[in-house]
Amino acid sequence: MAHLLGIDTGGTYTDAVLLDDETDTIVARTKSLTTRPDLALGIGAAINAVLEDSNLPATAISMVSLSTTLATNALVEGQGGRVALIFIGFDESELEKADLADALDGDPVVIVEGGHSHSGAEIQPLNLSALRAGLDSISVSITGVAIASRFATRNSAHEVAARDAAREFLNVPVTCSHELSAALGGPKRALTAVLNARLVGLIDGLITATEQHIEARGIDARLMVVRGDGALISAKLARERPIETILSGPAASIAGAQWLTGAQNALVSDIGGTTTDVCILKDGLPKIDPQGAKVGKYRTMVEAVAMRTFGLGGDSVVSIIEGLVPSLQLGPRRVMPLSLFAIDYPEIAHPALDNALTLENPPLEAIQFVVAQFHDLPIGLDARESALASRLLKGPVRRADAIRSRIEEPALSRLVQRGLVMLVGLTPSDASHALGLMSDWDAEAATKGLTLLAKQRIGTGDRLSTGPLPLAQAIIKQLTKQTSLALLETAFADEGWVQASALAQHSLVQVGLTNHANIARVNVGLALPVIGLGASAHAYYGAVGECLGCETILPEDCGVANAIGAVVGQVSIHAEGSVTSGGEGSFRVHLPDGPVQFSDKETALDELRRTLRSQAIDGAKASGVDEVRITESLDLREAQIEAQTMFIEANLRVTARGRPRITA
């Protein structure tokens, strides 16, 4: 009897489920804390727990599949490795397009001559000597290289040559933009390549941790990874293209939601530790975003579910928006909840909190701590970063003890941005523990932290709140409000209404949520049910449904929906290519080895079809599919000129699908 092991690694929890492949029933489920810097500990604990709960031997596992929100979270929080961009045939001004300069955030750029035209013809030779000089001038430590060349999707020769040179010169992973997308748009492809290069180390570490533990447990089964569109890919491909795992966790959650509820039409809202991910389920399937996955402020060329990701989760930091009448804001930054920190480090948390509680006006920093995400001093730090990191080697400290002066604040921010340090603060999870809605962590520490925050003075001179419990209720109310806004924004955008975000926050919409009926009657809500997913969904989503006037569906296993979705998907490998006009009677096929001319349109299309089918089938078989199903989509652009049909361009997409082979 075949059993499938699904694992989902999120920012806070790592979930695991065992699914009986013959009866489609869940045999065991568990949640374990995600452990950084050593992800293997949390993954191992989750795998061990489901094996023990099920009493199944390791040999009973026929397939392992992994979904994750780590890539999504890293992009939302601006984390990841430091990279260099090789920009071939572009002007420096083009760095300002598609948020590319913002994503680089000061990382080195090497601009060199080269590139191709729309037809795939070389504009000018690649300047390899300038490339080597540029690489030699990089003075900072980098973890990867991204390469984007003008019209590389029409001729990838310069990206391939630059890749070979970069690998030889720097010995770090290299990402070529043409390997990630066949679409035109150089700066946007460059952005996608940069983000991919940032994520290589993170996803490689996750896959390695999973492989090592399943091997140690004697599980001899294929490891698959969920892609952002919900399809499964091999671990090898995920290592090469980690960018394709953005929205992996949310995509898996959609599949899990549909499997758990059987719903055909609904809004699926998955609240994790860092983000809330919202997608519309139509006719039992999630919509695919035609513009490419958008995570945070970045629009990539990665094909993924049409998911809107918001920086709002159970571990979102609680901030005070200053003013005479201050307000609360949750996220987008994630911190370690104070109640979780106190579970791991009670000897640090409680004395510091107790001391602050004796003060009439305790500083806000009294509830803030700093935790290292490394065991040894990381390489590539500047002097201030090294000094700060050295103070954390012996264990967590109060923020006030981590930073010796104001000039070290930027250094701490950089360490947080790189994922080397985690800050501790108050979160909705803490509010939930103080109110008794959750009981996993230290409720006493949460209450102490809320008491300290409540004692903060506001613009009028009064306290922020009358006590910890009223403040906790206000935080949960704010989470309900921000979640409702996220759902409304998603619904409005799918309706095709412009400026969906501003519209969701419009005062008339906010009045409509209260079913206003005085002189005017205004009523706003959702016409579809909301499926709430996530470990804390039961604690929060009842109020969300009441606010939006819709049914809320909370499946029993909503906390492990991502892990369920990880094992119910199929492999889907795409290969794309194009034929362009080379003039009358000339058809140019853009192949991996460069453009090839044909004198006949059908012959050109047949050659492209043969190449793409071979690529897609080989990819599917490499991912363990024995019975491959092929589908094709042809976009043929022709024009009628003086009663004659003129060929312009043809774009062909071949998809190979199938279930991965289940080992006996």
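The values are calculated or read from the model by the stated rules, or taken from the named source; none is laboratory data. In this text the structure is predicted, and so the values were computed from the model without any measurement. Backbone-built Cβ (ideal geometry, glycine too); neighbour counts: all protein chains shown.
Taking Leu191 as the residue in question, decide whether it is modelled with pLDDT under 95 and touching a strand residue (DSSP E or B) at 6+ places or on another chain (Cβ under 9 Å).
Details: modelled with pLDDT under 95: no; touching a strand residue (DSSP E or B) at 6+ places or on another chain (Cβ under 9 Å): yes.
Answer is no for this residue.
What are the residues in the range 86-115 that are within 11 Å of Ala146 (Cβ to Cβ) and of a type in the set (A, V, I, L, M, F, W, C), if any?
Residues satisfying the conditions are Ile86, Phe87, Leu100, Ala103, Leu104, Val109, Val110.
Report yes if some residue within the range 494-502 is of a type in the set (Ser, Thr, Tyr), touching a helix residue (DSSP H, G or I) at 6+ places or on another chain (Cβ under 8 Å) and either assigned to a helix (DSSP H, G or I) or surrounded by 23 or more Cβ atoms within 10 Å (Cβ to Cβ) (or both); otherwise report no. I'd like the intermediate steps shown before the answer.
Initial filter on the range 494-502 (of a type in the set (Ser, Thr, Tyr)): 501.
Right, trim to touching a helix residue (DSSP H, G or I) at 6+ places or on another chain (Cβ under 8 Å) and you get 501.
Those still in the list that are either assigned to a helix (DSSP H, G or I) or surrounded by 23 or more Cβ atoms within 10 Å (Cβ to Cβ) (or both) too: 501.
Yes, that holds for at least one residue.
Which one of Gly583, Gly594, Gly565 is of a type in the set (Gly, Ala, Ser) and without any contact (Cβ under 8 Å) to a residue 12 or more places away in the chain? Don't jump to the end; show me each part of the working.
On the way: Gly594 fails: without any contact (Cβ under 8 Å) to a residue 12 or more places away in the chain; Gly565 fails: without any contact (Cβ under 8 Å) to a residue 12 or more places away in the chain.
Sole residue among the options that is of a type in the set (Gly, Ala, Ser) and without any contact (Cβ under 8 Å) to a residue 12 or more places away in the chain: Gly583.
Which one of the conditions (1) closer than 24 Å to Ala431 by Cα; (2) surrounded by fewer than 24 Cβ atoms within 10 Å (Cβ to Cβ); (3) aliphatic (A, V, I, L, M) does Val278 fail to meet, given that it meets all the rest?
Going through (1) closer than 24 Å to Ala431 by Cα; (2) surrounded by fewer than 24 Cβ atoms within 10 Å (Cβ to Cβ); (3) aliphatic (A, V, I, L, M) one by one, Val278 breaks only (2).
Tally the residues that are part of a helix (DSSP H, G or I), among the hydrophobic types (A, V, I, L, M, F, W, C) and more than 15 Å from Pro595 (Cα to Cα), restricting the search to the range 605-627.
Going residue by residue through the range 605-627, those that are part of a helix (DSSP H, G or I) are 605-622.
Restricting the remaining residues to those that are among the hydrophobic types (A, V, I, L, M, F, W, C) gives 605, 608, 612, 616-617, 620, 622.
Okay, now just the ones that are also more than 15 Å from Pro595 (Cα to Cα), so 616-617, 620, 622.
Of the residues in the range 605-627, 4 are part of a helix (DSSP H, G or I), among the hydrophobic types (A, V, I, L, M, F, W, C) and more than 15 Å from Pro595 (Cα to Cα).
For the subset of the range 317-338 comprising residues that are of a type in the set (Val, Ile, Thr) and assigned to a strand (DSSP E or B), which member is surrounded by the most Cβ atoms within 10 Å (Cβ to Cβ)?
Val318
State which residue is nearest to Asp107 (Cα to Cα) when the search covers only the range 127-153 and only residues that are buried (at least 22 other Cβ atoms within 10 Å of the Cβ) and in contact with an Asp or Glu (Cβ under 8 Å, 6 or more places away or on another chain).
Looking at the filtered set, the residue picked out is Ile147.
If I ask for residues that are assigned to a helix (DSSP H, G or I) and touching a residue at least 40 places away in the same chain (Cβ under 8 Å), which ones from the range 27-43 would you list?
Going through the range 27-43, the residues assigned to a helix (DSSP H, G or I) turn out to be 39-43.
Answer for the range 27-43, where residues must be assigned to a helix (DSSP H, G or I) and touching a residue at least 40 places away in the same chain (Cβ under 8 Å): Leu39, Ala40, Ile43.
Residues of the range 312-347 being among the polar types (S, T, N, Q) and within 16 Å of Tyr13 (Cα to Cα), which ones?
If the condition is that a residue be among the polar types (S, T, N, Q) and within 16 Å of Tyr13 (Cα to Cα), then Ser316, Ser339 are the ones that fit.
Scanning the range 283-295 for residues that are buried (at least 20 other Cβ atoms within 10 Å of the Cβ) and farther than 17 Å from Ala190 by Cβ, which turns out nearest to the chain's Cα centre (by Cα)?
Asp289
Go through (1) touching a Pro at 6+ places or on another chain (Cβ under 8 Å); (2) closer than 30 Å to Arg82 by Cα; (3) charged (D, E, K, R) one by one and return the number of the condition Arg391 breaks.
(1)
Assuming Asp220 fulfils every condition listed in (1) under 19 Å from the mean Cα position of the chain (by Cα); (2) among the charged types (D, E, K, R); (3) surrounded by fewer than 21 Cβ atoms within 10 Å (Cβ to Cβ) apart from one, which condition is it?
Among (1) under 19 Å from the mean Cα position of the chain (by Cα); (2) among the charged types (D, E, K, R); (3) surrounded by fewer than 21 Cβ atoms within 10 Å (Cβ to Cβ), the lone unmet condition for Asp220 is (1).
Would it be correct to say that Gly120 is in contact (Cβ under 8 Å) with a residue 60 or more places away in the chain, closer than 28 Å to Glu649 by Cβ and of a type in the set (Gly, Ala, Ser)?
Details: in contact (Cβ under 8 Å) with a residue 60 or more places away in the chain: yes; closer than 28 Å to Glu649 by Cβ: yes; of a type in the set (Gly, Ala, Ser): yes.
So Gly120 passes the test.
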